[in-house]
Amino acid sequence: MKKLLILSLMIGLSVVSCTDDITDYNKNPKAAEEVTPDVTFTNAEKALGDLMTEISVGRNLMKLWTQHWTETTYNDEANYDIIGRDPSAGFWARVYNTILNDLASSREAIAADNFTSEAVKANQLAIIDVIEVYSMQTLVDLNGDVPYSEALNVVDNITPAYDDAFTIYQDLISRVSADVATLSNGGASWGAADIYYGGDTSKWAKFAASLQLRLGMRIADYDESLASSTVSSAYDAGVMESSDDSAIIYYEGAAPNTNPIFSTFELSGRFGDYVAGKTSVDYLLSLDDPRIDDFFTMTGDGEYVGGPIGANNSYANFSHPADYIVFDPTYPGAILQYFEVEFFLAEAVERGFISGDAQEHYEAAVAANIMFYNGTQEEADAYLAQPGVAYDSANWKELIGTQKWIALYNRGFEGWTEYRRLDEPDFLVNSALTDLPVPTRVFYPVDEVALNRANYEAAVQNIGGSDDLYTKIFWDVN
């Protein structure tokens, strides 16, 4: 198991010699003169892993909006009321200020490196680009139009323009396609600095192709032609083939490298803020789903009971998120997983983007997720044989959408995003106590109104004229 590197900037200290230049006395002899590219690269990977894994009402609250979890005393977010919060600000800060900024620093350091071979540099740069593509897709899927072409030029431009969301998607598809081609050549890359794959370029090539597949499938209802060509190209290049190809971040037992859910529940003492969501528990029980004991705990009465979505739920009266997920500091997080790829491929077959057997892909996806949660192939076979789960091509969208929603438990952002795209399972619409449907986006950071108003207003007009929770992202056309 790969472990997180100690994220320390105290590397390569140089010995200070006598000098006639008095300005040298202004240098801190204990500070690193330069940061090597591997340090900022690892920081970026960890920041992305934390962002996609955490539960945070100030940054990533989507475990609530998928209705897998719900709240207890403080229940605004479960009722889709985030007026007192600014989650986009937290998301933007993590992506722009940390992930993209650290990756830019790594790029600069690679360019200045005269010792590493050009082939290795090419692989390192391609992997950096893949992470940038992933991060920017996530931002677009959160807000719609966002700063892109001017996103990192904040030194000279603190009021970056927003780019059209579909235009960004087109460029992301082009970029990741080029990255797939580079990484398919093999060779060395980041080595131990890479906390996802340990520098395995072949794994990164599959990740990049799988990300390309995701980009293509996201726009399937918006631009069928581009979606089809993107998906078929990714599939031909070689996407993930087993759970061994999944991008996983392995955490450690001590801060600051613990799982961020553990940090919230145990270190910050917020474990009493969340219980199992009634929507999720009731549906899992209706299918006798073998994952329910891996998702949730039983109550003191030996039953699985979910709290009504948006209610003032008592922590003592309802099932909780499973102990090993929230109280184990080393529980891994996930960036992109094999079962997601198989669900996409099943859908791609049904849409005619690729040839193959949709049922095989669907069943592989469900089985892989059950086994990811400690199940067996026998349990998966029995589950897939049930009338409510067995594949039916005439009903592919409901089956794929609902089973994907289950499988993306603990993957809140992606679960919410795929629900928005497929509108399945349809029972999420009226499952919360609030009269409002599940939000389709998050409004822009509050500071953008004050500090970047002209560009903000132009973006709002371009996405439909309203910066609220129910303006749809361009690909959400149903």
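The values are calculated or read from the model by the stated rules, or taken from the named source; none is laboratory data. A quick note: this is a predicted structure, and the numbers were derived from the prediction, not measured. Neighbour counts run over all protein chains shown; Cβ positions are idealised from the backbone, glycine included. With ligands, DNA and RNA removed, areas are computed over all heavy atoms of the protein, side chains included. Shrake-Rupley method; radii C 1.70, N 1.55, O 1.52, S 1.80 Å.
General observations
- Solvent-accessible area per residue in the chain equals 40 Å², computed with a 1.4 angstrom probe and all protein chains kept.
- Across Lys63/Lys397; Lys46/Lys404; Lys121/Lys472; Lys203/Lys397, pairs whose alpha-carbon gap is larger than 31 Å: Lys121/Lys472
- Descending semi-axes in Å of the stretch 77-183, equivalent ellipsoid built from Cα gyration tensor: 29, 16, 13
- Full-stretch length increase - Ala385, Ala89 - with 0.36 nm per residue and alpha-carbon distance subtracted: 102.1 nm
- Where the Cα pairs of the stretch 427-478 fall when distances are cut into 10 Å bins, in %: 23, 44, 24, 9
- Put a plus charge on the Cβ of each Lys and Arg, a minus charge on the Cβ of each Asp and Glu, and nothing anywhere else: the dipole of the chain about its Cα centre is then about 580 debye.
- Approximate spin-label separation Phe427-Ser225, in nm, with each point projected 7 Å along Cα-to-Cβ: 4.1 nm
- R0 of 25 Å, Cβ-Cβ distance Ala450-Ser268: FRET efficiency to nearest 0.05: 0.25
- Considering only the chain, percent of DSSP beta bridges that pair antiparallel, nearest 5: 85 percent
- Options Leu287, Pro437, Ala104, ranked by Cα towards positive dipole end of the chain, top entry (Cβ charges): Ala104
- Cross-link partners of Lys206 among aspartates and glutamates (Cα-Cα below 14 Å; sequence separation of 8 or more within a chain): Asp179, Asp236, Glu241, Asp244, Asp245, Glu340, Glu342
- Accessible-area composition of the stretch 150-238, carbon plus sulfur, in percent [1.4 Å probe]: 48 percent
- Distance between the C-alpha centres of the stretch 405-476 and the stretch 162-198: 26 Å, rounded to the whole angstrom.
- Net charge of the neighbourhood of Trp92, taken over other residues with C-beta under 11 Å away and scored Lys/Arg +1, Asp/Glu -1, is -1.
- Protection proxy ranking for 456-469, 413-426, using the average of other Cβ atoms within 10 Å per residue and placing the highest first: 413-426, 456-469.
- Neighbour net charge for Gly465 - beta-carbon separation under 13 angstrom, K R +1, D E -1: -3
- Computed over the chain, the P(r) curve from all C-alpha pair distances, binned at 10 Å from the origin, holds 4, 19, 30, 28, 13, 4, 1, 0, 0 percent per bin.
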